[in-house]
Every structure is written in C-alpha cells, then in structure tokens.
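Enquirer: Before anything else, here's the structure in question.
The values are calculated or read from the model by the stated rules, or taken from the named source; none is laboratory data. Everything numeric in this text was worked out from a predicted model, so none of it was measured. When we count neighbours, we look across all protein chains shown, and the Cβ atoms used for this are built from the backbone with ideal geometry, even at glycine.
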Amino acid sequence: MFKGNFTRRGAIQAFGASAASVAIAAPAIAQGAAGKVVVVGGGFGGASCARALKRLDPRLDVTLVESSQTFTACPFSNGVIAGLRELKDQQFGYEAIARDGVKLVFQTATDVDPGARTVTLVDGSRLSWDRLVLSPGVDLRWDGLPGYTESAAERMPHAWKAGAQTLLLRRQLESMEDGGLVVMSAPANPFRCPPGPYERASLIAWYLKTKKPRSKLILLDAKDVFSKQRLFQNAWKDLYPEHLEWVSLSSGGKVTGVDPATLTLTTDFGVHKAAVANVIPPQKAGAIAGKAGVADRTGWCPVEPVAFTSTLQPDIHVLGDAAVMGAMPKSAFSANAQAKVCAAAIVRLLAGGQPEEPRLINTCYSIVAPGYGITVAGVYKPANGQLVDIEGAGGTSPLDAPAATRAQEAALADGWFHTIGAETFG
C-alpha cells in the first residue's frame, strides 16, 4: 500500500487493528494518585482522551464538556455532499463514554481561568480542575476573506464543520441545473484536514460526471502544493478530465474576495461566477483556546510534543486540530493518537512522575470515487520541541496501483471509519 518501509501487511497491522496506534508504555500509577481532569471538546481528540483517562486510572474524576449531545464527524462527510452517504451515518452519541465513568456536561465552555484552574460554562457554573485538556477543533476566520461572513455561508457554504452546512451544499448541488459551474476555494496552510478539499473536489466531480455531465468544477487554490497531490492529480486525469480543473496559486488560484449576492469569487487573475460556490475559508483554533490563553498570534495553539502541554499555560493540554503539532497533520486519526498519549502523560504527571517520549502514527484515507481510495501515512517523534517525521517510516499509496488495490484501500478506509468511531464513541 505504501512507499517507503511500509508493506501492505505491516500497514494493515498498524492501522487496521487500532484506530490510532501509539507507541507508549502504560503508566505506572502510584497508590493514592488521583485528581480532577476536565476535557473540553467531545470530538475524536477530547472524547478519546476522556475515555482513556478513566481506563488508565478509574480513580480519576474526569468530566467531558461538549455543547452537543450528538457528534457529527467530518471524516467521510464529503461522501454525504456527493450523495454517497447520509448525515446520520456520521453521527455518534456519548452513552458509552458515560458508561466508562466519565461525567458528561452538555454545555458550552465560555471561559477558562488558568490561575484559579476553573472552566466557566454558559449557565455561569464553574468546574475546577487539576489538569485541563482542550480539544476545541477549529473556528472559521470570518475576517480572513473579504466578503465572506457567517451570513455569506448561507449562500456560499463552507461545509467545513459537518452538519447543516454539509446538507446545504448537497442540496445546492442537487438543485443546480445540468451545465452549471461549481467553484470551490481552498485556503493556505494550516487548516483542518489537509487532503479534505481535494477529496471533496473529487467526489463533487464524480457527482457531476454521473448526475450532471454538462457541469464542471473549478478548484481555486491558495497553494501550489498539497497533500497526496500526485495521487489526486493522476486520478483526476483518468476519471475527471472534463469535470475538474485545479487552479494553483501560481496560476492565479488564490481567492482574494467573494460576493455572496452574485456568487462570484475574485482572484488576482479574474472573476469566477458560480452556480454553486463552496468557500473553505482560513481557520484558527476553537474560541475557548483564546479564552484560555493557549492560542498565540497565529490563532493556533503551540504545544510541547510529549504531553501536548501548552507552551503558554503549563497546566493545560491541547489536542487535535487546534494545536500546532509540527509535522503531524490536523486529522481525526492524529487527534485520537494524541489523546491516548496525553491521557497517559496526565496520569503520570498527577502521580508525580514524568511522561515517556511517545511515537505516534497518523494515516489518512481519501476517497476519489466509489471504490477508489488513496492513502498517506506518517510516523512521528518529538525533536527540538515539536513532532517530526521519522524518515522512511511513512509513505503514500503507489502511483501505479491497479484498480484492485484502490478498491482495497477504499474498503480499508470504510473499516477505519467504523473502527475509530467505535473506539471513540461505541
């Protein structure tokens, strides 16, 4: 499956057996060690961390704060846009996490006081903590692209948070006349799920090819290089030569402004008028990160790479998309892996010990068409204050793989989604 030192058998063992493999020793728990841990954010990072904490030390008082009683996953949501899945297939509840002994608080966290070690909830109540874990995901920078506001997103959906926006974009595609032009924009790095825009472009192109063959998608990109680029572009050449056009940064792809009233996207090279416009704007860490003082001027959260402790607030840990992780990308798999490492580190810290240096794995599947999957994987270690690639330990799907291999990777992707969903929420 992979270039480099990954064999197909090794990759399946590494990635199929567990949703997110982590090489770290189990913590030695001291007698009487316990404490209060509050986890804010119930996605793949936060929910996984809360669950792991209780399993590693059942004596811990662990509270998970999440605004919604239903989590809607972003991975595979591009399939919902293309009509290949339903939104309910993306949704998970928290019942199993409660059964593990985690306290659930379904409210929005509105503030953090690092000095007092409290989290304030929307109803005004406060939770105290010995260690705080933030996994708030991303927020969209409504000031990051001229013309693009929250109200504009109702005309030009971003669909970068799975849910209502996902269904809105799907409905717009379904109602568009055959022959209409779909225009997407992809932001500069960093942002949630680096391969996500290109998987989405692929599946929208598949939808157009099969349902509205006189239509076309233009993908305007603020980058010249992107994740799994050669794999995606080879697939586009074979599958969608008439239905997908990628415009790179150097070719004038960076969007400099939008007009939701006319569904136009402007670049330095011209204006693109769309029948359907999907604008993926710049992003930053979820709002609570700023309230907690763990986000820097970039809007993201710098952390050290062993326990994912904030470099700005020493008793707060930050996981997943909100954090700056060096070479490790922003993905559900990454968040799940980081959560397990963080949980083990917190147990050690509360017991008066020190965390052990981890090794982390990330793998990312993308579906280019039904039955056609591609993959990138990486293995990471701490070095010089960040996570770095272990040279030769990762890789991508082969460029010249036969159809049977692409089909197997698509099947593995489906298995991965069910595994990580069950491990985190089931």
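Enquirer: Go through the residues of the range 136-144 one by one and say whether even a single one is free of Cβ contacts under 8 Å to residues at least 40 places away in the same chain and within 16 Å of the chain's Cα centre (by Cα). Working first, answer last.
Expert: Within the range 136-144, the first condition is being free of Cβ contacts under 8 Å to residues at least 40 places away in the same chain, and the residues that meet it are 143.
Then keep just the ones that are within 16 Å of the chain's Cα centre (by Cα); that gives none.
The answer is no; no qualifying residue exists.
Enquirer: Moving to a separate point now. From the list R141, R51, R85, R131, pick out the single residue that is under 30 Å from L173 (Cα atoms), among the basic types (K, R) and in contact with a helix residue (DSSP H, G or I) (Cβ under 6 Å, 6 or more places away or on another chain). Can you show your working first?
Expert: Numbers: R141 fails: in contact with a helix residue (DSSP H, G or I) (Cβ under 6 Å, 6 or more places away or on another chain); R51 fails: under 30 Å from L173 (Cα atoms); R131 fails: under 30 Å from L173 (Cα atoms).
Result: R85 is the single residue among R141, R51, R85, R131 that is under 30 Å from L173 (Cα atoms), among the basic types (K, R) and in contact with a helix residue (DSSP H, G or I) (Cβ under 6 Å, 6 or more places away or on another chain).
Enquirer: Out of the range 134-148, which residues are closer than 30 Å to S310 by Cα and assigned to a loop (DSSP other than H, G, I, E, B)?
Expert: First, pick out the residues of the range 134-148 that are closer than 30 Å to S310 by Cα: 134-145.
Once the filter is applied, which keeps residues that are closer than 30 Å to S310 by Cα and assigned to a loop (DSSP other than H, G, I, E, B), the range 134-148 yields S135, P136, G137, R141, W142, D143, G144, L145.
Enquirer: Just to be sure I understand, how many residues within the range 39-97 are touching a Ser or Thr at 6+ places or on another chain (Cβ under 7 Å), buried (at least 17 other Cβ atoms within 10 Å of the Cβ) and part of a loop (DSSP other than H, G, I, E, B)?
Expert: Residues in the range 39-97 being touching a Ser or Thr at 6+ places or on another chain (Cβ under 7 Å), buried (at least 17 other Cβ atoms within 10 Å of the Cβ) and part of a loop (DSSP other than H, G, I, E, B): 2 in total.
Enquirer: If you don't mind, another one. Looking only at residues that are in contact with a Phe, Trp or Tyr (Cβ under 7 Å, 6 or more places away or on another chain) and of a type in the set (G, A, S) in the range 244-298, which one is nearest to D111 (Cα to Cα)?
Expert: This residue is A285.
Enquirer: Quick check: is even one residue across the range 240-253 β-branched (V, I, T), within 13 Å of Y198 (Cα to Cα) and at pLDDT 95 or above?
Expert: Yes; the residues of the range 240-253 include at least one that is β-branched (V, I, T), within 13 Å of Y198 (Cα to Cα) and at pLDDT 95 or above.
Enquirer: Oh, and also: Would you check if there is a residue in the range 3-12 being modelled with pLDDT of 95 or more, under 29 Å from L387 (Cβ atoms) and in a helix (DSSP H, G or I)? Can you show your working first?
Expert: Let us first name the residues in the range 3-12 that are modelled with pLDDT of 95 or more, namely none.
Scanning the range 3-12, I find no residue that is modelled with pLDDT of 95 or more, under 29 Å from L387 (Cβ atoms) and in a helix (DSSP H, G or I), so the answer is no.
Enquirer: A201 - would you say it is closer than 18 Å to S248 by Cα, assigned by TED's automatic domain parsing to the domain that holds T262 and crowded, with 18+ Cβ neighbours inside 10 Å? Please lay out each step first, then the result.
Expert: On the way: closer than 18 Å to S248 by Cα: yes; assigned by TED's automatic domain parsing to the domain that holds T262: yes; crowded, with 18+ Cβ neighbours inside 10 Å: yes.
Here the answer is yes, as A201 does meet what is asked.
Enquirer: Out of P382, P402, report the one residue that is modelled with pLDDT of 95 or more, surrounded by 15 or more Cβ atoms within 10 Å (Cβ to Cβ), farther than 24 Å from A73 by Cβ and of a type outside the set (K, R).
Expert: Details: P402 fails: surrounded by 15 or more Cβ atoms within 10 Å (Cβ to Cβ).
Residue meeting the stated conditions: P382.
Enquirer: Still on this structure, I have one more. Among the residues of the range 401-417, is any in contact with a Phe, Trp or Tyr (Cβ under 9 Å, 6 or more places away or on another chain), not assigned by TED's automatic domain parsing to the domain that holds Y207 and not in a helix (DSSP H, G or I)?
Expert: Looking only at the range 401-417, we keep the residues that are in contact with a Phe, Trp or Tyr (Cβ under 9 Å, 6 or more places away or on another chain), and these are 403, 406-407, 409-410, 412-414, 416-417.
Then keep just the ones that are not assigned by TED's automatic domain parsing to the domain that holds Y207; that gives 403, 406-407, 409-410, 412-414, 416-417.
Narrowing the set further to residues that are not in a helix (DSSP H, G or I) leaves none.
No.
Enquirer: Can you name the residue in the range 300-336 that is in a loop (DSSP other than H, G, I, E, B) and at positive phi and is also surrounded by the most Cβ atoms within 10 Å (Cβ to Cβ) among such residues?
Expert: F308
Listed here are the residues, each with its yes/no results for (1) buried (at least 18 other Cβ atoms within 10 Å of the Cβ); (2) more than 24 Å from the chain's Cα centre (by Cα); (3) assigned by TED's automatic domain parsing to the domain that holds R200; (4) under 30 Å from S175 (Cα atoms).
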{"residue": "H243", "(1), (2), (3), (4)": "yes, yes, yes, yes"}
{"residue": "S250", "(1), (2), (3), (4)": "no, yes, yes, no"}
{"residue": "K254", "(1), (2), (3), (4)": "yes, no, yes, yes"}
{"residue": "G257", "(1), (2), (3), (4)": "no, yes, yes, yes"}
{"residue": "P260", "(1), (2), (3), (4)": "no, yes, yes, yes"}
{"residue": "T267", "(1), (2), (3), (4)": "yes, yes, yes, yes"}
{"residue": "V271", "(1), (2), (3), (4)": "no, yes, yes, yes"}
{"residue": "A274", "(1), (2), (3), (4)": "yes, yes, yes, yes"}
{"residue": "G293", "(1), (2), (3), (4)": "no, no, no, no"}
